[in-house]
1. Mind checking which aspartates and glutamates have their Cα closer than 20 Å to the Cα of residue A:288? Skip sequence neighbours fewer than 8 apart in that chain.
2. Apply the Karplus curve 6.51 cos²θ - 1.76 cosθ + 1.60, θ = phi - 60°, to the phi angles in the range B:271-286 and return the couplings in whole Hz, x for Gly and Pro.
3. From the gyration tensor of the Cα coordinates in the range B:257-365, what semi-axes in whole Å does the equivalent ellipsoid have, largest first, with each one equal to sqrt(5λ)?
4. Any chance you could list P(r) for the range A:106-164, counting all Cα-Cα pairs in 10 angstrom bins from zero, rounded to whole %?
5. In the protein assembly as shown, with Lys and Arg counted as +1 and Asp and Glu as -1 at Cβ, which of these residues, A:65, A:109, B:118, has the Cα nearest the positive end of the dipole, that is, farthest along it?
6. Helix A:2-32 versus the longest principal axis of chain A: what angle, 0 to 90°, nearest 10, using Cα atoms?
7. On average over all directions, what projected area in square nanometres does the range A:1-141 have, based on the convex hull of its Cα atoms?
8. Below 8 Å, C-alpha to C-alpha, sequence gap of six or more: please give me the relative contact order for chain B in percent.
Amino acid sequence: MSEFLQQVINGISLGSIYALIALGYTMIYGILRFINFAHGDVFMVGAFIGYFVAPHVISLTGGSLWIAAPIVLIVTMVGCSALGVTIEKLAYRPLRSRPKLTVLITAIGVSFFLEYGGQLVFGPDPKLFPTLIPSSSLINTQHVVIGTNSIVVILTAIVLMLLLRFIVYNTKMGTAMRAVSFDHRVASLMGINIDSVISFTFVLGSGLAAAASLLYASVYPSINPLMGIFPGLKAFVAAVLGGIGNLAGAALGGLIIGITETFVSGYISSSYRDAIAFAILILILLFKPSGILGRHDRDKV
Amino acid sequence: MKTYSGILAALFTTLVILGCGGGDKGDEILIGEFGSLTGTTATFGQSTHHGLELAVEETNNAGGVLGKKIRLLVEDDQSKPEEAATAVTKLITRDNVKAIIGEVASSRSLAAAPICQQFKIPMVSPASTNPEVTKKGDFIFRVCYIDPFQGEMLARFMYNSLGFKKAVILKDVKNDYSVGLAQYFRQTFESLGGTVVAEQAYSEGDSDFKAQLTALKAAEPEAMFVPGYYIEGALIVKQARELNMTMPIVGGDGWDSSKLLEVGGQAMNNTYFSTHYSTDDTAAAVRSFVTKYSARFNERPDAMAALGYDAGLILFDAIRRAGNTDGTAIRDALAATSDFTGVTGSITIDERRNARKPLVILTVENASLKYKESIQP
């Protein structure tokens, strides 16, 4: 029983990170109807921004992580948002009227560009990510251990998701995003500036990827330019599982994938972990292509 | 059509000229090195390269080999087996090297060995411990001990010296070295009377091990064996400590890297790993090597640096004894190596082209390495 509880905690902590990345996939799909395959690599760049920025911020704030960590988080989110908007402006916007497949293949190209460009700029060997969350155990019974890492990851993910929900459902920009996700042309006839809505979507999505990357790198402190590939793919599976285009679905999908992976590794064998994650993707596409929460008549972002 | 054949002919000529460009340019002997200068085990390749560079510089300063200077050509395999095969093919067919030194990782040596064997170019692996490596052919040598010995000694160490009877194993299933070491450890540990109460696996490049560790923790082990490489090793120990697994954790020589303590920090306390030599050794050869290496590269030499240095010196010694740079002659001379005094102990190449050498166990106390004990073969 205690082992089971511990595995659930491990799974939720991993799943929260997947959920944050999945939100970026799902929002961009909701607005533009294409999978931004470079999203996992924006996540990677986030980890490297954190890697370069954190030591300076920590020394400026005199080693107080309570102040330093949020500053690093904000800087990284701003950096990744800028990157996301730039990618959209340079690579996707010129192709917006082209078939979706063209944009999809461009996204794969951008992904490779970031991965191998990253190897060139940052070097291909793994780097040690500086400590932003001091690791100690908050709850420490004989059977179940909940570390500060897990708590910070889960809480940050919840706060960011609530914030996202507020932006999407309670602000003017959010309303515009939802309108654009229904129909570009009608939305633009209503006076909505499509370009700025799309840019804003990339700001939100990339910002969440940045936050996810810092959480991921704090828990697993070895980072390299190819680190975004697998979390990116898993988050993509999560987004499809939950119902692509649906925000709550992405969060739910992330948690399901995180917990499933943990259980497969813990109780069956880690060799099957990735296979099962992708088997879930195939099954979902076969039997419920719209995903768990995805329905065509729901409002999508 | 004529233009095309003209271009083709020109290309072909260029290739032939390039192809003949290498080899002995009068006063040089070309030696190829392939290693993981970048990638997941970058410190292995870099340390080996530094050790080897030192060996080349010393040999050349002392007049070279057979009256010629040694020139080292190095190729990076990015810690990938497929790149290792490409690198070795290039060194042999394009650069015409006379002998190859590499790799640390067994999976990469296993990818390269059949190519060296096919071209009859002697290959000396500094640190690949999987027994299969030298079985690839009679041109493949190594200057380190092999995993059946390492696994057995680690099992004995855990059972006898540390006094534990219940162990668990967490191995890297994608890695020949890790799988082999886990198997030999288990055999010996169980034959001594201990039990391996649970075994779990991961794949190189993973970063989340908490699921496996939680499952292992539930088996209530007294100690854990983690054969694998340093990045994963450090992450595993770190996450184990976060899960409140305070037991001793034992690793193999794949842990020997300065990155181990950099990533693991204080979490690495109460861990043990086997390696090939200790910088605390008072033997004259070790003292002089540590001094020269530290002066040249401004860092403490790890085991891979020492093995790279030894691999180089043994190869140059063999070329000297062979009297020429013919592959078969060098092979015969390498096979006859006996009681060579290296930094990592006295090296004798046996009939299976392996080295019989003592094993050193290091421990981590207060986030720094301490010499624990030496085990003779």
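All of the numbers you see were taken from the coordinates with simple rules; none came from a lab. Being a predicted model, the structure only gives us computed values, none of them experimental. All Cβ positions, even for glycine, are placed from backbone atoms using ideal geometry, and neighbour counts span all protein chains on display.
1. Result set, ordered by chain and number: A:297, A:299.
2. For the range B:271-286, the Karplus curve yields 10, 9, 8, 8, 8, 9, 6, 10, 5, 7, 4, 9, 4, 4, 4, 5 Hz.
3. Working: eigenvalues 191, 48, 29 Å².
The equivalent ellipsoid of the range B:257-365 has semi-axes of 31, 15, 12 Å.
4. So the P(r) values, bin by bin, are 18, 24, 28, 23, 7, 0.
5. Final value for the positive-end residue is A:109.
6. 20 degrees
7. In nm², the orientation-averaged hull projection of the range A:1-141 is 11.2.
8. On the way: 818 pairs, mean separation 63.4, N = 377.
Taking the mean separation of contacting Cα pairs over the length of chain B, I get 17 percent.
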